[in-house]
Every structure is written in C-alpha cells, then in structure tokens.
Ligand SMILES: Nc1ncnc2c1ncn2[C@@H]1O[C@H](COP(=O)(O)OP(=O)(O)OP(=O)(O)O)[C@@H](O)[C@H]1O
Ligand SMILES: [Mg+2]
C-alpha cells in the first residue's frame with residue numbers, strides 16, 4: 001500500500017521542475033528516517049506524490065513523554081543530517097504533522113513539498129518564503145537570508161509542541177504569532193520538565209542562528225544520547241490515532257494547498273477549528289509564499 005498526496009500547484013510556475021525534483025528524491029539513496037518517495041505525476045495543475053504509507057503523524061500523539069520525544073528528536077536529527085548532507089536540501093517545514101511514525105516505532109520526516117535543492121553549495125543561502133508560521137525561524141520572518149539552521153529552530157518548536165502538547169503562540173493568529181516570535185524572548189520549557197529536555201530546547205531556540213547548536217552538537221546532547229529504542233517509545237494511543245487517521249486517508253490522501261479542503265488528519269473540522277486552520281493555510285501558502293524568481297533557482 002502507498003500514500004498519495006495531491007497538491008494544488010496553481011500558484012507555482014514550473015510544475016515540471018518540481019516534478020523532476022521529486023523524481024530525483026525517488027531515485028536517491030534511502031534513509032530510514034525519511035519517508036520514501038516513489039514518484040510523482042501531474043493531473044492538470046495538481047501534483048500527485050506517491051510515497052511510503054506510514055501509520056500516522058506525531059501531532060496526533062501529543063503530548064508525548066519526554067522520553068518518547070527524545071527518540072523522535074534523535075530520529076529527526078538523523079533524517080535532517082541525511083537531508084542536508086546527502087540530498088543537499090533542507091526541510092523548511094518541520095513540525096509534528098510532518099513527522100510520521102509506523103507501528104514498529106520508526107520515525108520519518110515527511111513532506112518534501114517545501115524541500116529545495118541547495119545546488120551543491122551548503123554555503124549558499126536560500127531566500128524563499130515557505131513553511132508554517134508557528135514553526136518559522138525568526139530570520140525567515142524578518143526576510144533575511146537563511147540556511148539550514150532554520151530547521152534547527154523548527155526542531156526546537158516541534159520538541160516543545162510534542163512535550164507540552166501546544167505550539168508556542170498558537171493562541172495567536174499567524175501574523176501576531178510571528179510578531180511575538182520576533183519581539184518576545186525565545187520559548188522555553190517550564191521548570192516542571194527535566195533539565196536535559198529544557199537544555200535541548202534552549203540550544204535549538206536561539207534567535208541568532210549562529211548561537212544555535214549544530215546538528216552534530218544536538219546529537220551529542222545528553223537528552224538525545226539517552227534516548228531509547230525505536231520499539232519502546234510508542235504510547236498505546238498511537239494505535240488509535242493511526243486508525244482514526246486511516247479512516248479519513250484510506251489508501252490515499254489529498255489536500256488542496258489553497259486551503260479548500262475541510263479534512264484535517266482524522267476528520268472534518270467545524271467552527272473555530274476550521275476557521276483557525278483556514279487562517280493558517282492562508283498565511284502559509286498565500287501571504288508568506290513570496291518567491292524571488294531571480295534567486296529561486298536553487
Ligand atoms: N505517507 C503518509 N502515510 C500516512 N499518513 C500520512 C502520510 N503523509 C501524510 N499523512 C497524514 O496526513 C496528514 C496531512 O498531511 P499533509 O502533509 O497533507 O498536511 P500537513 O502535514 O498537516 O500540512 P503541510 O501541508 O504543511 O505538510 C498528516 O498529518 C498525516 O497524519
Ligand atoms: Mg505534511
């Protein structure tokens with residue numbers, strides 16, 4: 001069985017380029033911490049991506065224990081390292097909804113819709129707006145050149161999301177959340193959490209990207225070094241959440257990137273949830289997707 005994601009690409013100029021990029025991913029070396037893409041195709045302005053079918057995404061399991069999050073973070077770190085070094089790409093849309101798990105406890109980064117090639121030069125900065133506002137690094141919000149360290153920021157936000165069950169500033173609409181991200185001190189875990197977990201989050205969430213720990217540095221932190229085995233972290237709700245998710249996604253899933261769809265993970269949303277989701281998608285895909293064609297050939 002495979003999963004198929006349908007993306008409305010009406011706003012994007014060159015569908016064939018994106019198609020080619022996905023084909024390259026499908027032919028590339030397999031990494032156990034990255035969801036495997038099998039191929040892609042187009043139907044009109046829709047891009048269809050076929051990929052490995054997983055059981056569900058980590059956002060459906062939150063909050064998770066610190067120990068479980070440590071396992072997920074270790075796997076995410078390995079996946080990111082592979083993405084940056086082997087594929088010469090960085091993620092730019094890391095969040096719990098884009099980290100998938102299997103019932104064997106495997107953890108894999110997904111959603112390469114936002115992944116762009118660095119064209120062999122890790123020193124080269126990208127300047128394309130993309131990603132989800134609440135997980136977005138301050139340098140992206142400020143429209144500054146940025147590099148792979150934006151993924152480290154998003155990793156820290158994702159760790160907080162998974163441990164506390166809440167994304168920092170998520171009560172605010174996206175514009176205010178982004179302003180808060182710039183103006184307020186970096187989000188931190190409270191003292192009820194362990195020093196190791198707090199330290200990990202602190203090293204990821206530094207407004208100045210040069211002050212963030214490198215991916216290798218993060219891998220060597222006690223919180224990650226002490227992380228357990230893949231077959232021991234899944235909570236019992238993982239099985240339920242996965243099944244709920246499958247009811248709606250079945251063998252395939254689809255989504256309109258212009259926020260036309262009402263399905264969110266496990267079902268249909270109503271009222272405030274739907275309003276909030278629409279708002280997020282609007283900012284994610286419309287207001288903040290300001291590509292700069294002259295340098296967006298990476
Ligand atoms: N390969 C897959 N196998 C199983 N479930 C998947 C797979 N890919 C996605 N899903 C499920 O579908 C949900 C929606 O995924 P989708 O990528 O369309 O939206 P999203 O992750 O919420 O937002 P974004 O478009 O920003 O990535 C995921 O959260 C996950 O639960
Ligand atoms: Mg996704």
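Quick note: the coordinates plus some simple rules give every number you see, no bench work behind them. Everything quoted here is computed from the prediction, not taken from an experiment. FYI the Cβ positions are ideal-geometry reconstructions off the backbone, even for glycines, and counts take in every protein chain you see.
Taken along the Cα-to-beta-carbon direction at a fixed 7 Å, the label points for residue 236 and residue 45 span 4.9 nm.
Our summary gives segment 56-232 a relative contact order of 28 percent, counting only alpha carbon pairs under 8 angstrom and 6 or more residues apart.
To make sure I understand, if each residue's beta carbon is the centre and we count other beta carbons within 10 Å, what order do 42, 191 fall in, fewest to most? Working shown, then result.
Values: 42 13, 191 8.
By the 10 Å Cβ count, ascending: 191, 42.
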